[in-house]
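Data first, discussion second: the structure below is written as structure tokens.
The values are calculated or read from the model by the stated rules, or taken from the named source; none is laboratory data. None of the values given here were measured: they were computed from a predicted structure. Cβ coordinates were reconstructed from backbone atoms using ideal geometry, including for glycine residues, and neighbour counts include every protein chain displayed.
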Amino acid sequence: MTTALPAVLAAYTPDVHAVGGSLTGTALLGLVPLAVFFLLLMVAKRSAFQSALGSLVTALLVATLGYGMPAGLSFLSATQGIFNGLFPIMLIVVAAIWFYELTVVSNRFEDLRRSFSAVGRGDLRIQAILIAFCFGGLLEALAGFGAPVAITASMLMAIGLPWQKAAVSVLVANTAPVAFGAMAIPLTTAGGLTGIAPEDIAAVVGRQTPILALFVPMLLLFLVDGVRGFRQLWPIALVTGAVFGVVQFLCSSYFAYELTDVVSSLAAFATAVLMLRVWTPKTPDDQRSQVEPEPLTARRVTLATLPYLLVIVIFGVAKLTVGVDMPSLLGKAAIQFGWPGLDGKLLTGDGTPSTSSVYKLDVLGNPGTLLIITGLLVILVYSLAGDRDRFPMSGRTGLLAAGRTVKNMRGAIATVATVMALAYVMNQSGQTVAIGTWLAAVGSIFALFSPALGWLGTAVTGSDTSANALFATLQQSAGKAAGIDPTLLVAANSSGGVVGKLVSPQNLTIAATAVGQPGSERILLGKVVGYSVVMLAVLGVLVWLQSTPALSWMLP
């Protein structure tokens, strides 16, 4: 005779008909936590952390009381999500921002800024492309989370661009790179939640967002100087956007997807440099920069760009399989174990244990670890470079920068960890599967609206990572139910989030503050919402066509 397990320890199998045997009722109940999140954030004006916390509590109640998931398993799902939010997600983000801070505290960042300004030949419109698009893409690759908008908006103001044009320009520019931001953490997050290899998701995104990248620089010309700017400078804008898009495609598919924005931004910038050596634009007096960049020596330019070159080298070596299979070698240090109390208790429909309760952390091959290693090398090189009075750097300086980064990021750390807890509870209780199965009833046309979910998630949370945490598994479930490639829809969620960043209240506030016009968010929203909607429509049509024989050849 066997003794039944207590309810808090009993095994659990998600059921998409848990509520009264109805798929619709089950799905609508599963939508309640998301509705709570959006209402708290947008209507009640609570912080992202408070909204996520309220939504998490709601999801736990729905899982336990509505779906019949044992309370203990619901709580353990939340703890697994929190831990995944910290390691590897926020480890990567914090390491990326610390890496950027090293260039700031060493005063090398100013040299990098001057390098970008010098290339523009004093033309505000070209500098807008180089700073907002190329340099902003580089900052998005390394830091994300609003840093590119804040920094590049201030830089455009400093060279003489009016505040509205500066703010709108950086908001529009901060679109194409977002899916691969902060070392592609949105895609790593989506892969971790869905079980789809992040490299596969990245390869599909690399066949969507380059379309935006091709046109963004030309749109920037129009924003800065109207039709005249477009007419006079479209060749360099077209070439810059095309190179960024092509390299984004190549890097996301055939190199290290985490480095996609780094390599794309540097390649686009280098191309602009070369083009301006053989092509001289006509610059009207009213479009000349108000700041003459300080002449720089080759040594200072080299040291300013060194951190980003080292990133490419370190990440490239970590992905090499020539002679030595580096990914496999680094992968031997991975940590993997079933989540205590949860592993073996979550069952699939056929009664086998679900793999979602298995936690894995790639210790050495993790982008966060690689960034830390690269940062330590930067500290060493800068410490030995001399001239510490002007360019201070030491081990202590780097350590203090790390401490400040963690302190300044504590709010974001708590928010992301809570959002991941919410995602895990909704996923493992079956809430997202029920919603996805229900939405998939519209059939193949779902692909047309798939990017809109990512757009909504990023518009509300300000983060493509959070949008993927909320909706990636839902997209996967909907794809399976509708007969659409799940990888395509998960990628579409991230690509849709790219243009949702344009209208995110968080991003609008950062832009308004950076240009010294707090409270102007409504004005900026009116300027950019049209571009956001048009880009979303383009992505929707593209994804739908990619789900059909018409453009399925584009997919890997």
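Is it fair to say R113 is part of a helix (DSSP H, G or I), at pLDDT below 80 and more than 25 Å from T189 (Cα to Cα)? Yes: the conditions hold for R113. Using the structure shown, decide if V57 is hydrophobic (A, V, I, L, M, F, W, C), part of a helix (DSSP H, G or I), crowded, with 16+ Cβ neighbours inside 10 Å and free of Cβ contacts under 8 Å to residues at least 40 places away in the same chain. No; evaluated as a whole, the condition is false for this residue. Checked against the criterion of being in a helix (DSSP H, G or I), modelled with pLDDT of 90 or more and polar (S, T, N, Q), the candidates S450, S444 yield just one match: S450. Only one of the numbered conditions (1) assigned to a helix (DSSP H, G or I); (2) surrounded by 13 or more Cβ atoms within 10 Å (Cβ to Cβ); (3) under 27 Å from the mean Cα position of the chain (by Cα); (4) modelled with pLDDT under 90 is violated by G411, and that is (2). Scanning region 509-532 for residues that are over 19 Å from T175 (Cβ atoms) and not in a loop (DSSP other than H, G, I, E, B) returns T513, R522, I523. Kindly provide the set of residues from region 288-336 that are at pLDDT below 80, of a type in the set (S, T, N, Q) and either over 29 Å from V105 (Cβ atoms) or in a helix (DSSP H, G or I) (or both), ordered by number. Hit for region 288-336 is T321, nothing else.
Does region 342-350 include one or more residues that are of a type in the set (G, A, S), over 24 Å from A318 (Cβ atoms) and in a loop (DSSP other than H, G, I, E, B)? Yes.
Put simply, of V499, V490 the only residue that is at pLDDT below 95 and either part of a loop (DSSP other than H, G, I, E, B) or out of contact with any His (no Cβ under 7 Å at 6 or more places or on another chain) (or both) is V499.
The set of residues in region 263-294 that are crowded, with 23+ Cβ neighbours inside 10 Å and more than 24 Å from A158 (Cβ to Cβ) comprises V263, S264.
Here A417, A421 are screened, and the one residue that is under 29 Å from L187 (Cβ atoms), assigned to a helix (DSSP H, G or I), among the small types (G, A, S) and modelled with pLDDT under 90 is A417.
Yes or no: L130 part of a helix (DSSP H, G or I) and within 16 Å of the chain's Cα centre (by Cα)? No. Give region 212-241 a look and list any residue that's within 22 Å of L142 (Cα to Cα) and in contact with a Pro (Cβ under 9 Å, 6 or more places away or on another chain), or say none. Residues satisfying the conditions are A213, T240, G241.
Would you confirm whether any residue within region 437-445 is under 23 Å from the mean Cα position of the chain (by Cα) and touching a residue at least 24 places away in the same chain (Cβ under 8 Å)?
No, region 437-445 has no match at all.
What do you reckon, is T352 over 24 Å from G72 (Cβ atoms) and among the polar types (S, T, N, Q)? Spelling it out, it is not the case that T352 is over 24 Å from G72 (Cβ atoms) and among the polar types (S, T, N, Q).
From the list Q127, Q164, the lone residue that is more than 22 Å from G454 (Cβ to Cβ) and touching a Phe, Trp or Tyr at 6+ places or on another chain (Cβ under 8 Å) is Q127. Residues that are surrounded by 19 or more Cβ atoms within 10 Å (Cβ to Cβ) and small (G, A, S) within region 72-114 comprise S74, S77, A78, G81, G85, A95, A96, S106, listed in sequence order.
Looking across G454, G436, one residue alone is in contact with a Phe, Trp or Tyr (Cβ under 7 Å, 6 or more places away or on another chain) and surrounded by 24 or more Cβ atoms within 10 Å (Cβ to Cβ). It is G454. Only one of the numbered conditions (1) in contact (Cβ under 8 Å) with a residue 40 or more places away in the chain; (2) buried (at least 24 other Cβ atoms within 10 Å of the Cβ); (3) part of a helix (DSSP H, G or I) is not met by M69, and that is (3). Could you identify the single residue in A158, A153, A176 that is surrounded by fewer than 21 Cβ atoms within 10 Å (Cβ to Cβ) and among the small types (G, A, S)? After ruling out the rest, the residue left standing is A158. For region 247-260, which residues satisfy the criterion of being modelled with pLDDT of 95 or more and surrounded by fewer than 17 Cβ atoms within 10 Å (Cβ to Cβ)? Scanning region 247-260 gives a single hit, L250. Within region 19-40, the set of residues being on the phi < 0 side of the Ramachandran plot, outside any helix (DSSP H, G or I) and more than 31 Å from the chain's Cα centre (by Cα) comprises V19, S22.
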